[in-house]
Structures are given as C-alpha cells and as structure tokens.
Ligand code: SF4
Ligand code: SF4
C-alpha cells in the first residue's frame, strides 16, 4: 500500500515565529499597488523590484517590529505569498 503525503499548510507556521524570511526574497513589482518610490529599485534586467538594504531585507521592512511598513500598499507578490506554503517553508528552512 502506498501512503500519499499531502503537503497541507502547517498550522504551527506563523509569521510571528519567523524573522520575515520571505522579505529577503527578490520582489518584482508587476502591478502598481502604490509602493512609495523610495522603496523601488531596478534590477540588472531593468525590472522594478522592492529595494533591499545591505542586511538583505526589503527596504520597506520595519526592522524594529519585523513587519511590513507599507502593508496597505505592499506589492501583489507579497499579498499572494502564502504563509505555510511551499516557498514559505523553504525560506524558513
Ligand atoms: S510568510 Fe512565511 S516566510 Fe514569510 S514571514 Fe510569514 S512565516 Fe515567515
Ligand atoms: S513590501 Fe512588505 S511584505 Fe513585501 S517584502 Fe517588503 S516588507 Fe515584506
């Protein structure tokens, strides 16, 4: 008998136990959600991305709370990033 392991989102995974790992990824800006200009950079291929500071995290991350400082205007990719999803788990590892 083969038991299929279904990869369901892990309920114990929450952003409060994570140092905003996903906010170190490159975030492409694929639609205009109102991200303030000072947080926008251009990558080597000419695409607009969220700027990252020398510590590797997104420039819009509030370092004191490790929360997004532009939550209402955050990019689409950030809105769609699933907590507990495959990419989240990979970043947490
Ligand atoms: S979505 Fe995942 S990787 Fe991002 S802060 Fe939350 S738990 Fe961490
Ligand atoms: S815009 Fe906000 S949610 Fe998106 S990577 Fe930056 S700090 Fe994280």
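The values are calculated or read from the model by the stated rules, or taken from the named source; none is laboratory data. Small disclaimer: the values here were computed from a predicted structure and weren't measured. Cβ: placed from backbone, ideal geometry, glycine included. Neighbour counts: every protein chain shown.
The one condition from (1) in contact (Cβ under 8 Å) with a residue 12 or more places away in the chain; (2) under 17 Å from residue 24 (Cβ atoms); (3) within 13 Å of ligand 2 (Cβ to nearest atom); (4) out of contact with any strand residue (DSSP E or B) (no Cβ under 8 Å at 6 or more places or on another chain) that residue 63 does not meet is (1).
Can you pull out the residues in segment 10-22 that are outside any helix (DSSP H, G or I) and either modelled with pLDDT of 85 or more or surrounded by 13 or more Cβ atoms within 10 Å (Cβ to Cβ) (or both)?
So in segment 10-22, the residues outside any helix (DSSP H, G or I) come out as 10-14, 18-20.
The answer is 10, 13, 14, 18, 19, 20.
Taken residue by residue, segment 31-43 has no member that is touching a strand residue (DSSP E or B) at 6+ places or on another chain (Cβ under 8 Å) and within 16 Å of ligand 1 (Cβ to nearest atom).
Return the pair list, or none, for Cβ contacts closer than 6 Å from residues in segment 80-93 that are without any contact (Cβ under 8 Å) to a residue 60 or more places away in the chain to residues that are surrounded by 11 or more Cβ atoms within 10 Å (Cβ to Cβ), at least 6 apart or on different chains. Pairs that qualify, where the first residue is without any contact (Cβ under 8 Å) to a residue 60 or more places away in the chain and the partner is surrounded by 11 or more Cβ atoms within 10 Å (Cβ to Cβ), are 81/22.
Please enumerate the residues belonging to segment 51-71 that are in contact with a helix residue (DSSP H, G or I) (Cβ under 6 Å, 6 or more places away or on another chain) and either part of a loop (DSSP other than H, G, I, E, B) or more than 10 Å from residue 20 (Cα to Cα) (or both). Before the answer, list the steps.
Start the filter on segment 51-71 by keeping residues that are in contact with a helix residue (DSSP H, G or I) (Cβ under 6 Å, 6 or more places away or on another chain), which leaves 51, 56-61.
Residues satisfying the conditions are 51, 56, 57, 59, 60.
Taking (1) at pLDDT 95 or above; (2) under 12 Å from the mean Cα position of the chain (by Cα); (3) within 15 Å of ligand 1 (Cβ to nearest atom) in turn, residue 62 satisfies each apart from (2). Every test in (1) out of contact with any helix residue (DSSP H, G or I) (no Cβ under 9 Å at 6 or more places or on another chain); (2) near ligand 1 (Cβ under 9 Å from one of its atoms); (3) not in a loop (DSSP other than H, G, I, E, B) is passed by residue 84 save one, and that test is (3).
Working only within segment 39-50, note down all residues that are assigned to a loop (DSSP other than H, G, I, E, B) and in contact (Cβ under 8 Å) with a residue 12 or more places away in the chain. Please lay out each step first, then the result.
Start the filter on segment 39-50 by keeping residues that are assigned to a loop (DSSP other than H, G, I, E, B), which leaves 43-47.
Scanning segment 39-50 gives 43, 47.
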